[in-house]
Amino acid sequence: MKLTNTMTEDIITELIGADVIPLIRLLKNKRNVSEFKLADMMNITVNQTRNMLYRFYNHNLVTFIRKKDKRKGWYIYYWTLDTDSLKNELVAFKRRKLAEFNARLDKETEGSHLVCPTGCIRMTMEIAMEHNFTCPECGQVLQEQNNTRTIDNLKTRISELEGELGGEVREFAPKKTKSGKQARKDIRKKAVKKFKKKKR
């Protein structure tokens, strides 16, 4: 399955939030980008950039290496987007959407729906009967809704998603996400491990 920019940004927005979209655009198709360079390009602080990167790391969507700055003496982290994990997330994202659309289709096809003419509310026939077919918000008489278009749209989306997922032959187990605290711990642990190896 080809990972388009729109797909990538949709997944990232759902998983992490829309505020990290500028960061994903900078990381895409690049390897080992310095967190200082990323902060500079986004015109934000290094701490803000790290916070965003940890959120990516929580979902296993980035990898990193660290190198010592010989001039300043501190360690700099270099980050790379993990496209394999991103593709796995895309499949999981599409499966979640498919399940949502199927659940909505079931609701839309099981019995009639009524709506308030002023758009206050929409309800099933059973609930409408409990309210004597009047809107509990404004008192207007409820009208039966023709939801044929909604059903057709849902069927189209389901068919599209099933077609897209049908090409996915490789099964995968979604990786567990980590808390921000755990992500920082893991990063420190890896760094200490590398440091000890070098000392030997």
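Condition first: touching a residue at least 12 places away in the same chain (Cβ under 8 Å) and over 22 Å from ASP84 (Cα atoms). Now tell me which residues in region 12-37 satisfy that.
ASP19, PHE36
Going residue by residue through region 56-72, is there one that turns out to be among the charged types (D, E, K, R) and within 24 Å of LEU3 (Cα to Cα)?
no
Among the residues of region 125-162, which ones are in contact with a strand residue (DSSP E or B) (Cβ under 7 Å, 6 or more places away or on another chain) and of a type in the set (A, V, I, L, M)?
MET125, ALA128, VAL141, LEU142
Read-outs throughout are calculated quantities, based only on the coordinates presented, and are distinct from any laboratory measurement. Keep in mind the model is a prediction, meaning the values are calculated, not measured. In this analysis, Cβ positions are derived from the backbone assuming ideal geometry, glycine residues included, and neighbour counts consider all displayed protein chains.
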